[in-house]
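So the structure is just underneath, and the comments pick up after that.
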Amino acid sequence: MNVLAIDTSTYVLGVSVIKEGQPVGEKMTNIKKNHALRLMPAVEQLLRDVDIKPADLDRIVVSHGPGSYTGVRIAVTTAKTLAWSLNIPVVGVSSLEALAQNGRYFQGLIAPFIDARRGQVFTGLYQGGTGSVENVIEDGLTDHRAWLEKLKSYQKPVLFLGNEWDKHVEVIEEIMGEQAVLAKPADRLLKPAQLAELGIEKTPLENVHALTPQYLRLAEAEAKWMEQNGREEEKR
Amino acid sequence: MGDVKMNEGFKEKDIYVLGIETSCDETSVAVVKNGRDVLCNVIASQIESHKRFGGVVPEVASRHHVEQVTLIIEEALTEAEVTLGDLDAVAVTEGPGLVGSLLVGVHAAKALAFANNLPLIGVHHIAGHIYANHLVDTLKFPMLSLVVSGGHTELVVMDEHGSFKVIGETRDDAVGEAYDKVARTIGLPYPGGPAIDQLAHEGEPSIDLPRAWLEPDSYDFSFSGLKSAVINTLHNAKQRGEEIEASTLAASFQESVIDVLVGKTMKAARDYGVQQICLAGGVAANKGLRERLSTACEEEDYSLIIPPLSLCTDNAAMIAAAGTFQFMRGETSEMDLNARASFPLR
Ligand SMILES: [Zn+2]
């Protein structure tokens, strides 16, 4: 199976190709540079390098969020349009689950996180140890402090992975103390080849059109509208 | 490549261009043959969703686009009875517009072009609006376009295909914006343009509102003063305990807008010695404007094109049409094509 995986859910831009089951190429940058300019040229170049034409692809894998709204949309739009026009399946993978793969041989809990501003994080809890990870607590948006207090109550070591590390490492150490296992810089970033592998294990969507970003947060205007309309309903 | 060869090639084989337009709150995909025949022009409007907020919310618009885009592409190809293999190029609006919305169209277009090994063509949204006229009749140069929409008020002179000279533009609000703001003042629902146009036909333009002619030699526009005058008129009447008919106010506002739009267009047409005048953009749907411009062009003997309503508002057929001419000139884009919130029409 030939698989193309793409991720632009954070500052990381990742593209990888698996050819007949083997990872043959990967491109990853972790810089604040425009994904919109760089994603398709990266795909184009990588496929050329590994001698695969778009028509040779059997599956597209994409990290469908959470993460940057715009970044996730760029990748999801690209993935679903590629899959639709090549008439091949597409798999959307949680960007947190894909990131958690960096701890797949870690004997303990894994807490991948993506900064969500104002002291919040997109995060979920995973269990590693056997070369694959199992989800323990579903991905969601949460206050980081409250989340860490909860993790502490497990009284087990927890592996932390995530970019925008400097914003979060202090509070992790403060609350988790000795329980915190801090990943090294290279292990804090989503690895595109692991995203591809994860996408191979998963069942593709039956309908390519149904692939949508998993923002895990309402648009601000939508949230306000819901709040107001909820209040009006209460008044009635 | 010379023009002659292009034209020959054009005649030998039909050119099919798929267009994608997502600059604001419409997800649209069209297939146009030879830059002229609209095989389909599918437009998914999000207006019902944005009505809740009283205007287009960019993040909400972007979310709808990504949910819709491949469905609309599929629907367009089905309706046009064209396969991906029949296409010669993929054209897409690269801007101006809402960046988040544009990015969805741009990435769908890139993926489509890449997967099928087709040229990618980034199109300026205003060029698209102007080329909507080519879907109605052959353009005759030199040509003057009055581009009026929620985001634009421009006078554009073209001496030939692909050459755009913006001779006048708004210094503050776009005309569509002024309509929306005045509609809100009168208490009309969003979107305000069609509501005012309709109301204006029921009233008499008996209130004297200002006309912003600016400097005598300027083709620029300004609508913020007019908008303030409307607000002041309402306010003063209220203070005096008088009631102003909304239809009278709408008619007076519309009269002022159209006087300036038509007046400046006709002056520019004379000054630049154009062969033809074209109306473009969403506000071209305005009945009052269509009527007055038609009358003025008849009186002064100018050939005038006004596209049907479906081609005036944002749509992908116009992008495919403009894209076809760029394709024939060999103006294609690379895979690093970006969405641009604003950039000049050249
Ligand atoms: Zn427009």
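Data for the structure
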quantity: Filter result (part of a helix (DSSP H, G or I), touching a residue at least 40 places away in the same chain (Cβ under 8 Å) and more than 15 Å from the ligand (Cβ to nearest atom)) within the stretch B:269-319; calculated: B:ALA269, B:TYR272, B:LYS287, B:GLY288, B:LEU289, B:LEU293
quantity: In the stretch B:147-179, residue farthest from B:ARG36 (Cα to Cα) [restricted to those that are away from the ligand (no atom under 14 Å from the Cβ) and acidic (Asp, Glu)]; calculated: B:ASP172
quantity: Test: A:ILE114 is hydrophobic (A, V, I, L, M, F, W, C), without any contact (Cβ under 8 Å) to a residue 24 or more places away in the chain and touching a helix residue (DSSP H, G or I) at 6+ places or on another chain (Cβ under 9 Å); calculated: no
quantity: Which listed residue is within 18 Å of the chain's Cα centre (by Cα), within 13 Å of another protein chain (Cβ to nearest Cβ) and under 27 Å from A:TYR11 (Cα atoms), from A:LEU205, A:LEU195, A:LEU189; calculated: A:LEU205
quantity: Residue ID - surrounded by the most Cβ atoms within 10 Å (Cβ to Cβ), chosen from residues in the stretch B:59-70 that are of a type outside the set (Val, Ile, Thr) and at the interface with chain A (Cβ under 9 Å from one of its Cβ atoms); calculated: B:HIS65
quantity: Residue within the stretch B:118-140 that is within 14 Å of chain A (Cβ to nearest Cβ) and either among the aromatic types (Phe, Trp, Tyr) or outside any loop (DSSP other than H, G, I, E, B) (or both) present; calculated: yes
quantity: Filter result (surrounded by 14 or more Cβ atoms within 10 Å (Cβ to Cβ) and touching a Gly at 6+ places or on another chain (Cβ under 9 Å)) within the stretch B:186-195; calculated: B:ILE186, B:TYR190, B:PRO191, B:GLY192, B:GLY193
quantity: Members of the stretch B:90-117 found to be away from the ligand (no atom under 14 Å from the Cβ) and away from chain A (no Cβ under 14 Å), listed by number; calculated: B:ALA91
quantity: B:LEU144, sole failed condition from (1) away from the ligand (no atom under 16 Å from the Cβ); (2) crowded, with 20+ Cβ neighbours inside 10 Å; (3) in a loop (DSSP other than H, G, I, E, B); calculated: (3)
quantity: Listing of helices (runs of 4 or more DSSP H) fully contained in the stretch A:1-104 that carry 1 or more residues being more than 13 Å from the chain's Cα centre (by Cα) and more than 14 Å from chain B (Cβ to nearest Cβ); calculated: A:35-49
quantity: Selection status of A:GLY131, surrounded by fewer than 24 Cβ atoms within 10 Å (Cβ to Cβ) and either in a strand (DSSP E or B) or outside the structural domain of A:LYS33 (by TED's automatic domain parsing) (or both); calculated: yes
quantity: Some residue of the stretch B:39-58 being more than 11 Å from chain A (Cβ to nearest Cβ), within 15 Å of the ligand (Cβ to nearest atom), modelled with pLDDT under 95 and in a helix (DSSP H, G or I); calculated: yes
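Per-residue answers, yes or no, for (1) surrounded by 14 or more Cβ atoms within 10 Å (Cβ to Cβ); (2) farther than 25 Å from B:LEU144 by Cα:
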{"site": "B:GLU215", "(1), (2)": "no, no"}
{"site": "B:SER222", "(1), (2)": "yes, no"}
{"site": "B:ALA229", "(1), (2)": "yes, yes"}
{"site": "B:GLY241", "(1), (2)": "no, yes"}
{"site": "B:ILE244", "(1), (2)": "yes, yes"}
{"site": "B:GLU255", "(1), (2)": "yes, no"}
{"site": "B:MET266", "(1), (2)": "yes, no"}
{"site": "B:ALA269", "(1), (2)": "yes, no"}
{"site": "B:VAL274", "(1), (2)": "yes, no"}
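Listed here are the residues, each with its yes/no results for (1) assigned to a loop (DSSP other than H, G, I, E, B); (2) of a type in the set (Gly, Ala, Ser); (3) at pLDDT 95 or above; (4) not assigned by TED's automatic domain parsing to the domain that holds A:LYS80.
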position: A:GLY199; (1), (2), (3), (4): no, yes, yes, no
position: A:PRO204; (1), (2), (3), (4): yes, no, yes, no
position: A:HIS209; (1), (2), (3), (4): no, no, yes, no
position: A:PRO213; (1), (2), (3), (4): yes, no, yes, no
position: A:LEU218; (1), (2), (3), (4): yes, no, no, no
position: A:GLY230; (1), (2), (3), (4): no, yes, no, yes
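The values are calculated or read from the model by the stated rules, or taken from the named source; none is laboratory data. Note that the structure is a prediction, hence the values are computed from the model and not measured. With ideal geometry, Cβ positions are generated from the backbone for all residues, glycine too; neighbour counts draw on all protein chains shown.
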